[in-house]
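Enquirer: One structure, as structure tokens, below. Some questions next.
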Amino acid sequence: MHDHARATYRQAPSGMLTVPHNQEKMKSKTIGYFLMLLIPISSICQTDYRISYYPYINDAELAIIDSNFRLALENYKRAFNLVEIGFGRDYHNAALCAIELEEFDIALKYLNKLASKGIEKEYFEKNKNTYSKLYGKGFEEFLDGFEELQKSTFQQTVNYDLIGKLGEMENKDQEFRYDYKLFQDTIQKIDAENISKLVDLVDRYGFPSEEMLGLQSPYADRVGYHYIIWHHLKNWKSDTTLIDIRPIILDAVKDGQLSPEQAADYFNISESRVGGVGNFGNTGVIRFNDDIKFYILDYKDENLVNQNRKELGLCNLEDLEEKLRFHFIKEKRKSRFEVLKLGGIDQYPSEAKSIIDVKELK
């Protein structure tokens, strides 16, 4: 990372729009404009995943929902051809589409991409049923050459020093959180130290990517640094004199180092007073104790939310609902594919239904 780019992470440029925490109305009107101003000038000439990648991935995922695997695979190919490297989840979905179409060479090509992101051989061995159509089509050779493949790919990109340092920070993050009330001052001090260290690591290595940290599965990443960012943003929204890491987050999305869904979660936290409810959409579903139905948030200003999501390269709320139905409504579910970065099911007491703005997912 160039030195002049690092400065954008230390202090906002003089022309950057800032949003005081107590100006909620102004903030909601200006958030879309704010996002564009966050883009570091040094990265304008680089590939912007929000334009060249994420929209094609969204089209591919919607095609999967319609069982149009040919269209889905075509969109995955377009996305992969326009960037240096894709995300693990996308390579796996593309491989599954290719298997459905019996284009086995293409499927194996994408499994190789997954191996290059550090997924262990054991994962593929334990999930052989998922790849049963590949038997006799090159899958055995893929497993036989697995170690050599990772030696020439993942072992060239993994950063063990970064993994170790993030692990230490994660342990520190959790050390006193079992009693926040008692150790509040200590916890906040640790949070401040951790985010400063994270900024230093980004300055030194770049934002922690899948290739640096490795994946445990196509759909599960190493989440340690997420806690550090979440906790910092919870502190930052009530004390904006702390480090503003939103430019780092947006830049990581633009450069394909962080999923836009994860970034939306971060921005939701940074602009919300209660929980993580903000104007960037929410990939989770809600259940109430006395109700078996699924619910989702009902946003008062969908245009604002859709604009904010577009700035991150995300699909609009209508498409998001389709993806949620695909995962949570039984008759629509296709468990082999994952078309969004799943959040958990948020469980609320029954009386909260009259307080939270929700609508049924059906």
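Enquirer: Once a ≥ b ≥ c are taken as the square roots of the eigenvalues of the Cα gyration tensor of segment 38-194, is the result rounded (a/c under 1.5), prolate (a/b larger than b/c) or oblate (a/b not larger than b/c)?
Expert: Details: a/c = 2.14, a/b = 1.59, b/c = 1.34.
Prolate, because a/c is 1.5 or more and a/b exceeds b/c.
Enquirer: Once both labels are modelled 7 Å past Cα along the beta-carbon direction, what's the residue 68-residue 51 spacing in nm?
Expert: Roughly 2.6 nm, to one decimal.
Enquirer: Which value in nm describes the separation of the simple spin-label points at residue 227 and residue 335, placed 7 Å from the Cα toward the beta carbon?
Expert: Label at residue 227, label at residue 335, 2.9 nm between them.
Enquirer: For a protection proxy built on the mean count of beta-carbon atoms within 10 angstrom, sort 258-265, 81-88, 352-359 highest first, please. Mind dumping the intermediate values first?
Expert: Details: 258-265: 24.5, 81-88: 17.9, 352-359: 12.4.
For the peptides 258-265, 81-88, 352-359, the packing ranking is 258-265, 81-88, 352-359.
Enquirer: For a paramagnetic label modelled at 7 Å from the Cα of residue 176 toward its Cβ, which residues of segment 193-226 fall within the zone defined by backbone nitrogen distances under 15 Å?
Expert: Flagged as within label range: 193-195.
Enquirer: Given the peptides 200-208, 106-114, arrange them by the average over their residues of other C-beta atoms within 10 Å, most packed first. Walk me through the intermediate numbers first.
Expert: Working: 200-208: 17.3, 106-114: 21.1.
Highest to lowest by the protection proxy: 106-114, 200-208.
Enquirer: Relative to the present Cα-Cα distance, how much length would full extension add between residue 188 and residue 318 at 0.36 nm per residue of separation?
Expert: On the way: separation 130, 0.36 × 130 = 46.80 nm, distance 3.83 nm.
Roughly 43.0 nm would be gained on extension.
Enquirer: Set Lys and Arg Cβ to +1 and Asp and Glu Cβ to -1, take the dipole of segment 285-360 about its Cα centre, and tell me which of 349, 303, 285 lies farthest positive.
Expert: Of 349, 303, 285, it is 285.
Enquirer: Please give the peptides 172-181, 117-126 ranked by average Cβ packing (other Cβ atoms within 10 Å per residue), highest first, as a rough proxy for protection. Walk me through the intermediate numbers first.
Expert: Values: 172-181: 12.7, 117-126: 16.5.
Highest mean packing first, the order is 117-126, 172-181.
Enquirer: Let me check against my output: what whole-number percent is the relative contact order of segment 285-360, with C-alpha pairs under 8 Å and at least 6 apart?
Expert: The normalised contact order for segment 285-360 reaches 50 percent.
Enquirer: What relative contact order, as a whole-number percentage, does segment 49-156 give when Cα pairs under 8 Å and 6 or more residues apart are counted? Intermediate values should be presented prior to the final figure.
Expert: Numbers: 100 pairs, mean separation 22.6, N = 108.
Taking the mean separation of contacting Cα pairs over the length of segment 49-156, I get 21 percent.
Enquirer: Next question, about the same structure. How large is the charge dipole for segment 285-360, taken about the Cα centre, if only the Cβ atoms of Lys, Arg (+1) and Asp, Glu (-1) carry charge, to the nearest 20 debye?
Expert: Working: 15 positive and 16 negative charges, 97 e Å.
About 460 debye.
Enquirer: What full-extension length gain, to one decimal in nm, is calculated for residue 127 and residue 205 as 0.36 nm per residue of separation minus the Cα-Cα distance? Intermediate values should be presented prior to the final figure.
Expert: Details: separation 78, 0.36 × 78 = 28.08 nm, distance 3.34 nm.
Full-extension gain reported as 24.7 nm.
Enquirer: Tell me, what is the percent relative contact order of segment 230-361, built from C-alpha pairs under 8 Å that lie six or more residues apart? Don't jump to the answer; show the numbers that get you there.
Expert: Numbers: 166 pairs, mean separation 34.9, N = 132.
Here the relative contact order equals 26 percent.
Enquirer: Let me ask something additional. Going by Cα centres, segment 118-138 and segment 286-325 are how many Å apart?
Expert: First find each Cα centre; the distance between them is then 34 Å.
Enquirer: Follow-up. For residue 160, project a label point 7 Å along Cα to C-beta. Then give me every residue of segment 173-207 with its amide nitrogen under 14 Å of that point.
Expert: Counting backbone N atoms under 14 Å from the label point, the list is empty.
Enquirer: What is the extension gain from residue 290 to residue 352, computed as 0.36 nm multiplied by their sequence separation minus the C-alpha to C-alpha distance, in nm to one decimal?
Expert: On the way: separation 62, 0.36 × 62 = 22.32 nm, distance 1.11 nm.
Full-extension gain reported as 21.2 nm.
Enquirer: Have a look at the DSSP beta bridges in segment 249-362 and tell me what percent are antiparallel, nearest 5. Before the final figure, lay out the partial values.
Expert: Details: 4 of 8 bridges.
Within segment 249-362, antiparallel bridges account for around 50 percent of the total.
Where a number appears in this text, it was derived from the coordinates with a stated rule and is not lab data. On a predicted model such as this, the values are computed, not experimentally measured, just so you know. Cβ atoms come from the backbone with ideal geometry, glycine included; neighbour counts cover every protein chain shown.
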